[in-house]
Amino acid sequence: MGKNVRNRFLMHAHLLALFTIVYNLAEGLISVWLGVADETLALFGFGVDSFIEVISAVGVWHLVRRIRANGGEARDEFEQRALKITGAAFYLLTAGLLLTAGMNLYQQHRPETTFWGIVISLISISFMWFLLHHKKKVGTALNSPAILADAACSRACLYLSLVLMISSVGYSLTGIASLDAIGALLIAWLAFKEGREAFDKAKGLSCSCCCGSSP
């Protein structure tokens, strides 16, 4: 691959990372606010997850900047620390959603409405599909595990959006109170998986650093 072509792909990766940060911040703020207003746990959990994704996206953005500066996939303590913070935040979200969903199931709590959950999930599915497609394209072209891992993160967000849409549509059509809590439990399960993957990646970076420093 020529230098100009590589630089163009790196710029594309840089813009995708920035867009991911801005979009997830906006999505998180709107989802949390509407989730609280409508007493919709699935939408609230989805919004908190969006904030956590911002931490991961900042780590990728930082890494892309280092790739552009160093010409290779240099990894540092910043990325490892970002992964650990992301993993811990996902675990906290999992615990919070499990506890609250359990209480809502016991009390048969009903959301005011899940209309906004349907709207936000449809918007998110569109954007996550767009990001997944382009991140995979750029990551494959650059042979970059980091960017491909970020694409996998967008795929996880796509799954979360599908869960939110299904639970929101289900409640809207049937009025079954437990569907919102069940959607939150599924989001908690996906958040737990993302947290475990973040810690596994951080551990892998630590091992790589140790191996790289060996004589």
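Computing FRET efficiency as 1/(1 + (r/R0)^6) for K193 and Y106, where r is the C-beta to C-beta distance and R0 is 30 Å, gives about 0.75.
Build a GNM of the chain with springs between Cα atoms under 10 Å apart, and of G47, G102, G87 the one that fluctuates most is G102.
Let me know the number of lysine pairs in the chain closer than 16 Å at the Cα, not counting same-chain pairs under 8 apart.
Values: K84/K193; K84/K201; K84/K203; K193/K201; K193/K203.
Value for the chain: 5.
Exposure proxy ranking for E197, E112, E53, based on other Cβ atoms within 10 angstrom of each Cβ and starting from the fewest, stands as E112, E197, E53. The K137 and V22 beta-carbon pair, evaluated with R₀ = 25 Å, returns a calculated FRET efficiency of approximately 0.75.
Using a cut-off of 10 Å between beta-carbons, work out the net charge of the residues near A151 (Lys and Arg +1, Asp and Glu -1, A151 not included). Overall, the nearby charge balance is +3.
Annotation: for a label point projected 7 angstrom from Cα along Cα→Cβ of V5, residues of the range 143-171 with backbone N closer than 14 Å are 143. Fewest neighbouring Cβ atoms within 10 Å first, the residues L34, L29 line up as L29, L34. Each of L142, L15 was scored by other Cβ atoms within 10 Å of its Cβ. Listed from fewest to most, they are L15, L142.
Kindly give Rg over Rh for the chain, based on alpha-carbon atoms, with the Kirkwood expression for the hydrodynamic radius. Mind showing how you got there, number by number?
Details: Rg = 18.5 Å, Rh = 17.9 Å.
In the chain, Rg relative to Rh is 1.04.
Read-outs: derived from the displayed coordinates by stated rules, not from any lab. In this text, all values refer to a predicted model and were calculated from it rather than measured experimentally. Note: ideal-geometry Cβ built from the backbone for every residue, glycine included; neighbour counts use all protein chains shown.
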